[in-house]
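Engineer: Sharing a structure, written as structure tokens. Questions coming.
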Amino acid sequence: MIYKFNAYGHPSILATHKTTLEFTKDAELTLKGDCIVGVNADFDLDKLRNFIKKSNNKKITITIKPVTEDRKLAKIKEKITSQINPNFNHDKELVIRKTDFASERTFAIKADKAAFELNGDLIGFLKKKKNKISVVVEYKA
């Protein structure tokens, strides 16, 4: 099963956090949000809750790709494997953690990557407000 959503870049994206990465529905962020890798995210909590229910707590893969006409950038694809948090319940923030700490903001735990490990060209792309990324979450049935 697959769930997709989009998010956008912002000049304040740093992607330097060592244990998490986050997508937020907020349009703005400060330099304190060093785990945020996408703003204006359009994920739907009800659809995500349904995805979680159907996943039966299986491992998931999260793929982040730039939406662009630039051939070089279009080839960038970041894959993150993690374990779903069945108690995710936040309509504004979606956090992916390398640790096993889970709060209602935590969508996934035990991830194999955090913000600082993402491709540098992808982070450069995300420093522009108009730039869009596609986020695909999937588990094998």
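Engineer: How many of the residues in region 56-79 are under 17 Å from Phe116 (Cβ atoms) and touching a helix residue (DSSP H, G or I) at 6+ places or on another chain (Cβ under 9 Å)?
Structural biologist: Here the count works out to 3.
Engineer: Where in region 77-123 are there strands (runs of 3 or more DSSP E), lying fully within it, with 1 or more residues that are surrounded by 19 or more Cβ atoms within 10 Å (Cβ to Cβ) and touching a residue at least 60 places away in the same chain (Cβ under 8 Å)?
Structural biologist: 93-97
Engineer: When region 15-51 is examined, which residues are found to be free of Cβ contacts under 8 Å to residues at least 40 places away in the same chain and in a loop (DSSP other than H, G, I, E, B)?
Structural biologist: Residues of region 15-51 that are free of Cβ contacts under 8 Å to residues at least 40 places away in the same chain, as a first pass: 27-33, 39-40, 42, 44, 46, 50.
The answer is Ala27, Glu28, Leu29, Thr30, Leu31, Lys32, Gly33, Asn40, Asp42, Asp44.
Engineer: May I ask you to verify whether Ile84 is aliphatic (A, V, I, L, M) and within 18 Å of Ile123 (Cα to Cα)? Write out each step before concluding.
Structural biologist: Working: aliphatic (A, V, I, L, M): yes; within 18 Å of Ile123 (Cα to Cα): no.
Judged against the criteria, Ile84 is not a match.
Engineer: Look through Leu94, Leu48, Leu73 and report the one residue that is closer than 23 Å to Ile13 by Cβ and modelled with pLDDT under 95. Write out each step before concluding.
Structural biologist: Details: Leu94 fails: modelled with pLDDT under 95; Leu48 fails: modelled with pLDDT under 95.
On inspection, the qualifying residue turns out to be Leu73.
The values are calculated or read from the model by the stated rules, or taken from the named source; none is laboratory data. Quantities reported herein were computed from a predicted structural model and do not represent experimental measurements. Every residue, glycine among them, receives a Cβ derived from its backbone with ideal geometry; neighbour counts consider all protein chains shown.
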